[in-house]
Amino acid sequence: MKTLGEKFRILRQKKGVNQKAMADLLEISIPAYSKLETSITDPNFSRINQIAEVHKLTLRELLDVGEEGVSEQTQLIDQLKQKVSELESTVIRLQGKVIDLYDQDDRRNGK
């Protein structure tokens, strides 16, 4: 699991800005921001909220940020949706086979 500092770095890099630009957006010094990214300083709630707002994320989305800068939870949800879709297709295909078998049975029994 990523530290908050690592998540801040991932988001900053995804945004394509340097530490100075992030520090300016947060209205703090470059060293203060650097300490947040390196986890030397633990951010308070209002700072975490401010960083989420800068990245246009909810707090939950910020806390779920993964390696690629995409919510790990969102990735998991997308994978599960894909799996459900595949399983639904399989169920539909199997239902068709069951119907075909009933039809074959009816024809054999003269119905």
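Values as computed for the structure displayed
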item: Subset of segment 59-69 (residues that are surrounded by 14 or more Cβ atoms within 10 Å (Cβ to Cβ) and not in a loop (DSSP other than H, G, I, E, B)); result: GLU61, LEU62, LEU63, VAL65
item: LYS14 being out of contact with any helix residue (DSSP H, G or I) (no Cβ under 8 Å at 6 or more places or on another chain), of a type in the set (Lys, Arg) and exposed (fewer than 15 other Cβ atoms within 10 Å of the Cβ); result: yes
item: Checklist (1) modelled with pLDDT under 90; (2) of a type outside the set (Val, Ile, Thr); (3) in a helix (DSSP H, G or I) applied to LEU101, failing item; result: (1)
item: Subset of segment 16-37 (residues that are within 13 Å of GLN50 (Cβ to Cβ) and in contact (Cβ under 8 Å) with a residue 12 or more places away in the chain); result: MET22, LEU25, LEU26, TYR33, LEU36
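The values are calculated or read from the model by the stated rules, or taken from the named source; none is laboratory data. None of the values given here were measured: they were computed from a predicted structure. Neighbour counts are summed over all protein chains in view; Cβ atoms, including those assigned to glycine, are modelled from backbone coordinates with ideal geometry.
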